[in-house]
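Notes to accompany the following structure.
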Amino acid sequence: MQSINAGLLMDCFKLSQIKNLNGKKFRFFEVIEQVENHKVIKFDGDSKLLSVLRTAAKSIIEPVNNSKDKDSNFPKRANEFGNYVERFFRERLQNFGYDCVKPKTIGGKTKEAGYPDCLLIFESKPYYLEVKTCEAGSLNSSFRSFFYSPSESSKIDRDAVHLLIGFKTIKNQMQLTGDILIADLFNKEVTLKLEYNSNNKELYKTSDLL
């Protein structure tokens, strides 16, 4: 087991201080600037880019909806559907001739999990894209649907505009309605949720079983 720095260990147990941060709200651009040392650039309203994004998004609606009975890799669970749509969207932008890839970590490795989903270079400018599916009728829901976790293997390695691409889905079905929502994440409010977690390997360790 890796040794833990004594000072860090003490910090971990200052619960009276840590708990005061739990539930605090911050502006997204402030979080990224402080944690990643990169700026979130406010979207300037580029109509050409918006047109490209909407065209690419609209063009995958039918292929995604028709793939359910044809693609053996079609997700079985709703929480995997967003990743499936994101792959279609990213590949469609590539087919249109745009440089859109999975962002690499600071160490140069490709990483599937974690924010953001895509890095798009459009007219020499970088854009981070987060692709989400959202059930029609749930736009006013307070259920947590966006996550950013600081990481040593961060996928944010430059100043960029951060955009959310939302695909509405039919209620209780993994099918797209055709409605597309695009939002600038610059000034979005995010809530800090602190937690300690474990896994089955630790929870059911033989040495601790009764």
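The values are calculated or read from the model by the stated rules, or taken from the named source; none is laboratory data. Predicted model only: the values in this text are computed from it and were never measured. Virtual Cβ from ideal backbone geometry, glycine too; neighbours counted across all protein chains shown.
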Check: Quick one: which of 135, 130, 123 is loosely packed, with under 14 Cβ neighbours inside 10 Å and of a type outside the set (Lys, Arg)?
Finding: 123
Notebook entry, point to check: Any idea which of (1) within 18 Å of residue 35 (Cα to Cα); (2) touching a Pro at 6+ places or on another chain (Cβ under 9 Å) is the one residue 119 doesn't satisfy?
Noted result: (1)
Next item on the list: Determine whether region 126-134 contains at least one residue that is farther than 13 Å from residue 53 by Cβ and assigned to a loop (DSSP other than H, G, I, E, B).
Entry: no
Checklist line | Candidate set: region 184-206, residues that are over 16 Å from the mean Cα position of the chain (by Cα) and not in a loop (DSSP other than H, G, I, E, B); chosen: the one nearest to residue 142 (Cα to Cα) | finding: 200
Notebook entry, point to check: Among all residue pairs at least 6 apart or on different chains, which show Cβ distances below 8 Å where the first residue, located in region 85-100, is over 17 Å from residue 125 (Cα atoms) and surrounded by 20 or more Cβ atoms within 10 Å (Cβ to Cβ) and the second is among the small types (Gly, Ala, Ser) and at pLDDT 95 or above?
Noted result: 89/56; 89/57
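May I ask you to verify whether residue 72 is modelled with pLDDT under 95 and of a type in the set (S, T, N, Q)?
yes
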